[in-house]
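Right, one structure below, let's go through it.
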Amino acid sequence: MTLSPRDRILDTYGLFARDYGGWIAVGGLIAVLSEFSIEAQAVCSAASRMKRSGLLVSERVDGTAGYALSADGREILEAGDQRIFASGVRRHDDSWLLVLFSIPESERRKRYLIRSRLARLGFAPGPAASWIAPASLAGEARTMLRRSGLDSYVSFFEGEYCAEGGSPHIATTAWDLDMINKLYGEYLATQQPIFEAWMAEPGADRDAFVAHMNNISAWRPLPYADPGLPPSVTPAGWLAEEAREMFTKLHRQLRPGAHRLYLATLETAARR
């Protein structure tokens, strides 16, 4: 699995550094990401760009240069936690969130920004130039738009879909359910064998670290592709709950060894 240095850095902070004060020495970060054959220059360049974009802040601890998460970076990771590590319990109702926005022509670029951010959360284009999602996403959408300075352009409406065909019709029209279910199946096909092998014979901490990082990377897109569609609108054979259960079990199985490797790597790097 090939990810950008930026993505690996963000995962390192999200999965590990936050549990240990949130700061990583530059040398430690380079050492940790060498497990994925990412060169030191690529790590430094990516971290520097993340600092300029406001995700990281540079700090010295006992004279050692390093980076910590900014307030925005922490908020972004915490928002991701809510989606990625959610219990997976889907609302058993057909309440929908309808989003409308009005942008002056002089600020038309903000139309694209709002659409792209709603799509990133799992919203789908709805009728009459609206955007639609399960009503449970209201809080997350408001927070995201506020953080982006776009909330004043947007109106939210919550209710039931009453047209002929009901909620199943709007769901099959707005989302590609077959594609989403295929993604769940692909996740299970790649990660379930890893879990079964680990249960039969746990591997080394280094293997746990790599598999732990790869598991989060493989899972992350799915809770956004499927914004928590209720059971009433999903087809038979929907794999969401099975896939989430596998993610949770594998996460718990790999986490202890991954953290041991992370801490040992930082300790070794600090002695150099």
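The values are calculated or read from the model by the stated rules, or taken from the named source; none is laboratory data. What you see is a predicted model; the values in this text were computed from it and never measured. Please note: Cβ atoms are built from the backbone with ideal geometry, for glycine as well, and neighbour counts cover all protein chains shown.
For (1) surrounded by fewer than 12 Cβ atoms within 10 Å (Cβ to Cβ); (2) under 22 Å from residue 177 (Cα atoms); (3) in contact with a Gly (Cβ under 8 Å, 6 or more places away or on another chain), each residue gets a yes or a no:
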| residue | (1), (2), (3) |
| --- | --- |
| 71 | yes, no, no |
| 76 | no, no, no |
| 79 | no, no, no |
| 83 | no, yes, no |
| 101 | no, no, no |
| 112 | yes, no, no |
| 135 | no, yes, no |
| 153 | no, no, no |
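Report whether or not residue 193 is of a type outside the set (S, T, N, Q) and in contact (Cβ under 8 Å) with a residue 24 or more places away in the chain. Break it down stepwise before answering.
Values: of a type outside the set (S, T, N, Q): yes; in contact (Cβ under 8 Å) with a residue 24 or more places away in the chain: no.
So residue 193 fails the test.
Condition first: in contact with a helix residue (DSSP H, G or I) (Cβ under 7 Å, 6 or more places away or on another chain) and over 18 Å from residue 148 (Cα atoms). Now tell me which residues in region 51-70 satisfy that. Before you say what the answer is, go through the steps one by one.
So in region 51-70, the residues in contact with a helix residue (DSSP H, G or I) (Cβ under 7 Å, 6 or more places away or on another chain) come out as 54-58, 65-67, 69.
Selection gives 57, 58, 65, 66, 67, 69.
Which of the residues belonging to region 231-247 are in contact (Cβ under 8 Å) with a residue 12 or more places away in the chain and surrounded by fewer than 19 Cβ atoms within 10 Å (Cβ to Cβ)?
First pass over region 231-247, keeping only residues in contact (Cβ under 8 Å) with a residue 12 or more places away in the chain: 231-235, 237-247.
Matches in region 231-247: 231, 232, 235, 237, 238, 241, 242, 245.
Answer yes if at least one residue in region 130-148 is part of a helix (DSSP H, G or I), over 21 Å from the mean Cα position of the chain (by Cα) and either over 21 Å from residue 221 (Cα atoms) or touching a residue at least 40 places away in the same chain (Cβ under 8 Å) (or both), and no otherwise. Give the derivation first.
Filtering region 130-148 for residues part of a helix (DSSP H, G or I) gives 135-147.
From the residues that got through so far, the ones that are over 21 Å from the mean Cα position of the chain (by Cα) too are none.
Checked against the condition, which is being part of a helix (DSSP H, G or I), over 21 Å from the mean Cα position of the chain (by Cα) and either over 21 Å from residue 221 (Cα atoms) or touching a residue at least 40 places away in the same chain (Cβ under 8 Å) (or both), region 130-148 yields no hits at all.
Can you report the number of residues in region 216-245 which are part of a loop (DSSP other than H, G, I, E, B) and out of contact with any Leu (no Cβ under 9 Å at 6 or more places or on another chain)? Break it down into steps so the answer makes sense when it comes.
Step one: filter region 216-245 for residues part of a loop (DSSP other than H, G, I, E, B), giving 220-221, 226-230, 234-239.
Filter again for out of contact with any Leu (no Cβ under 9 Å at 6 or more places or on another chain), leaving 220, 230, 236-237.
Selection size over region 216-245: 4.
Taking residue 248, is it at pLDDT below 95, out of contact with any Ser or Thr (no Cβ under 6 Å at 6 or more places or on another chain) and either among the hydroxyl-bearing types (Ser, Thr, Tyr) or not in a loop (DSSP other than H, G, I, E, B) (or both)?
Working: at pLDDT below 95: no; out of contact with any Ser or Thr (no Cβ under 6 Å at 6 or more places or on another chain): yes; either among the hydroxyl-bearing types (Ser, Thr, Tyr) or not in a loop (DSSP other than H, G, I, E, B) (or both): yes.
No; evaluated as a whole, the condition is false for this residue.
So for region 53-73 (the condition being among the basic types (Lys, Arg) and in contact (Cβ under 8 Å) with a residue 12 or more places away in the chain), does at least one residue qualify?
Restricting attention to region 53-73, the residues satisfying the condition of being among the basic types (Lys, Arg) are 60.
Add one more test, that the residue is in contact (Cβ under 8 Å) with a residue 12 or more places away in the chain, and what stays is none.
No - not one qualifying residue is present in region 53-73.
How many residues does region 149-160 hold that are part of a helix (DSSP H, G or I) and touching a residue at least 12 places away in the same chain (Cβ under 8 Å)? Give the steps one after another, and end with the answer.
Step one: filter region 149-160 for residues part of a helix (DSSP H, G or I), giving 151-153.
After this cut, where a residue has to be touching a residue at least 12 places away in the same chain (Cβ under 8 Å) as well, the list is 153.
Looking only at that region, the number is 1.
Checking residue 202 against (1) surrounded by fewer than 20 Cβ atoms within 10 Å (Cβ to Cβ); (2) of a type outside the set (D, E, K, R); (3) assigned to a helix (DSSP H, G or I), only one condition comes out false. Which one?
(3)
Scan region 256-272 for residues that are surrounded by fewer than 20 Cβ atoms within 10 Å (Cβ to Cβ) and free of Cβ contacts under 8 Å to residues at least 60 places away in the same chain and jot them down.
256, 260, 264, 267, 271 - these are the residues of region 256-272 that are surrounded by fewer than 20 Cβ atoms within 10 Å (Cβ to Cβ) and free of Cβ contacts under 8 Å to residues at least 60 places away in the same chain.
Kindly list the number of the only condition in (1) more than 24 Å from the chain's Cα centre (by Cα); (2) free of Cβ contacts under 8 Å to residues at least 60 places away in the same chain that fails for residue 25.
The one condition residue 25 does not meet is (2).
With the condition kept exactly as written, say whether any residue in region 5-17 is exposed (fewer than 15 other Cβ atoms within 10 Å of the Cβ), of a type outside the set (D, E, K, R) and closer than 30 Å to residue 148 by Cα.
No: region 5-17 contains no residue that is exposed (fewer than 15 other Cβ atoms within 10 Å of the Cβ), of a type outside the set (D, E, K, R) and closer than 30 Å to residue 148 by Cα.
Quick one: count up the residues across region 11-37 that are aliphatic (A, V, I, L, M) and either modelled with pLDDT under 95 or touching a Gly at 6+ places or on another chain (Cβ under 8 Å) (or both). Step through it out loud before you land on a result.
Filtering region 11-37 for residues aliphatic (A, V, I, L, M) gives 15, 17, 24-26, 29-33.
Narrowing further to those that are either modelled with pLDDT under 95 or touching a Gly at 6+ places or on another chain (Cβ under 8 Å) (or both): 24-26, 29.
Of the residues in that region, 4 qualify.
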